[in-house]
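Asker: This is the structure I want to talk about, given as structure tokens.
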Amino acid sequence: MTDFLAAAIQLTSGQDPDRNFTAAEEQIDLAARRGAELVGLPENFSFMGDDSRRLELAPSLAEQCSRFLVTMARRYQVVLLGGGFPVPVGDGSRTLNRAELVDRDGQILARYDKIHLFDVDLPDGNTYQESATVTPGTTLPPVVDVPGLCRLGVSICYDVRFPELYRHLVGSGADLLMIPAAFTAFTGKDHWQVLLQARAIENTAYVLAPAQTGLHYGRRQSHGHAMVIDPWGTVLADAGVQPGAAIAPVNVSHVGHVREQMPSLRHRQPALF
């Protein structure tokens, strides 16, 4: 395993999937031209809009998203994470929120259906009830050993507030934690970076956090600041608030070095907790 460049893409997705796919490809292309071998797209990369419209589009959008990820991974020769898209379930009144990881040959390496759903009333007047139309996943998030890169652990957005999930990923061998998100502007300004750094520090692992940014529709606004963070908690790259990408090197040997310097994972007391 050697050094490689990882890219956390930042988008302002809206209610037009075709425009969203075009914007995503533009950023994948730019990241690949800069040498990125691992590229992550944010949650809701293909659609950010009303729940009713998402449910209507879900059957076709799920197929479009999978095809898009396979095509992009092959075309640009990158390992690509689609950070969350709707997959219909049951009678069509609900979806899963699914992330897919695809290798350079277009093979699907892993799927993960978001476990923790965002049901929150915020002081800014916005209410989010993801569970009203999304069914939570019931399978533990995966860790994938990608030849030539590293061992990747997959999660989605609100998961970042549940540290036990990342303990599972690191316990399963993850060197890098992927946290694609559409973090709200209100919570993001106070919690986004500190949560990402906490997950990196406590697990002595890299964090790759693609993000949504800006105003999507109605009052829905995302925080931005897609990031790459190293196992010491240092922010290596921050995409700011415009569409673009945070791109930084990942050095797997650095993970081992930090874990020797700060061996907190070895000092856990699982018999007590």
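Asker: Considering only segment 148-173, state which residues are aliphatic (A, V, I, L, M), closer than 22 Å to HIS254 by Cβ and not in a helix (DSSP H, G or I).
Answerer: Across segment 148-173, the qualifying residues are LEU149, LEU152, VAL154.
Asker: Quick one: would you say THR213 is of a type in the set (S, T, N, Q), open to solvent by less than 20 Å² (accessible area, probe 1.4 Å) and either over 21 Å from LEU38 (Cα atoms) or touching a His at 6+ places or on another chain (Cβ under 9 Å) (or both)?
Answerer: yes
Asker: Specify the residue that is nearest to LEU149 (Cα to Cα); the eligible residues are those in segment 172-197 that are in contact (Cβ under 8 Å) with a residue 40 or more places away in the chain and polar (S, T, N, Q).
Answerer: Taking the candidates together, the pick is GLN193.
Asker: Let me ask another. May I ask you to say which residue of LEU177, LEU195 is assigned to a helix (DSSP H, G or I), touching a Lys or Arg at 6+ places or on another chain (Cβ under 8 Å) and either at pLDDT 95 or above or not hydroxyl-bearing (Ser, Thr, Tyr) (or both)?
Answerer: Unique residue meeting the criteria: LEU195.
Asker: Right, here's the next one. Of a type outside the set (D, E, K, R) and at pLDDT below 95: which single residue out of MET48, MET1 fits that description?
Answerer: MET1
Asker: Being open to solvent by 10 Å² or more (accessible area, probe 1.4 Å), without any contact (Cβ under 8 Å) to a residue 40 or more places away in the chain and either among the hydrophobic types (A, V, I, L, M, F, W, C) or under 22 Å from TYR206 (Cα atoms) (or both) is true for just one of PRO141, PRO136, PRO147. Which residue is that?
Answerer: Result: PRO147 is the single residue among PRO141, PRO136, PRO147 that is open to solvent by 10 Å² or more (accessible area, probe 1.4 Å), without any contact (Cβ under 8 Å) to a residue 40 or more places away in the chain and either among the hydrophobic types (A, V, I, L, M, F, W, C) or under 22 Å from TYR206 (Cα atoms) (or both).
Asker: Do you know which of the residues in segment 109-131 that are of a type outside the set (Lys, Arg) and open to solvent by 60 Å² or more (accessible area, probe 1.4 Å) is nearest to ARG75 (Cα to Cα)?
Answerer: If we take residues in segment 109-131 being of a type outside the set (Lys, Arg) and open to solvent by 60 Å² or more (accessible area, probe 1.4 Å), then LEU109 is nearest to ARG75 (Cα to Cα).
To keep it simple, each residue is scored yes or no on (1) part of a strand (DSSP E or B); (2) at pLDDT below 95; (3) out of contact with any Cys (no Cβ under 9 Å at 6 or more places or on another chain); (4) small (Gly, Ala, Ser).
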position: ILE201; (1), (2), (3), (4): no, no, yes, no
position: LEU208; (1), (2), (3), (4): yes, no, yes, no
position: THR213; (1), (2), (3), (4): yes, no, yes, no
position: GLY233; (1), (2), (3), (4): no, no, yes, yes
position: GLN242; (1), (2), (3), (4): no, no, yes, no
position: PRO249; (1), (2), (3), (4): yes, no, yes, no
position: VAL255; (1), (2), (3), (4): no, no, no, no
position: VAL258; (1), (2), (3), (4): no, no, yes, no
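Asker: Here is a follow-up. Looking only at segment 166-186, which residues are under 17 Å from the mean Cα position of the chain (by Cα) and either open to solvent by less than 10 Å² (accessible area, probe 1.4 Å) or among the hydroxyl-bearing types (Ser, Thr, Tyr) (or both)?
Answerer: Answer for segment 166-186, where residues must be under 17 Å from the mean Cα position of the chain (by Cα) and either open to solvent by less than 10 Å² (accessible area, probe 1.4 Å) or among the hydroxyl-bearing types (Ser, Thr, Tyr) (or both): TYR166, LEU169, ALA174, ASP175, LEU176, LEU177, MET178, ILE179, PRO180, ALA181, ALA182, THR184.
The values are calculated or read from the model by the stated rules, or taken from the named source; none is laboratory data. Fair warning: this is a prediction, and the values are worked out from it, not measured in the lab. Here the Cβ is made from the backbone with ideal geometry for all residues, glycine too, and neighbour counts use every protein chain on show. The area values use the complete protein model at the heavy-atom level, side chains included, leaving out ligands, DNA and RNA. Shrake-Rupley method; radii C 1.70, N 1.55, O 1.52, S 1.80 Å.
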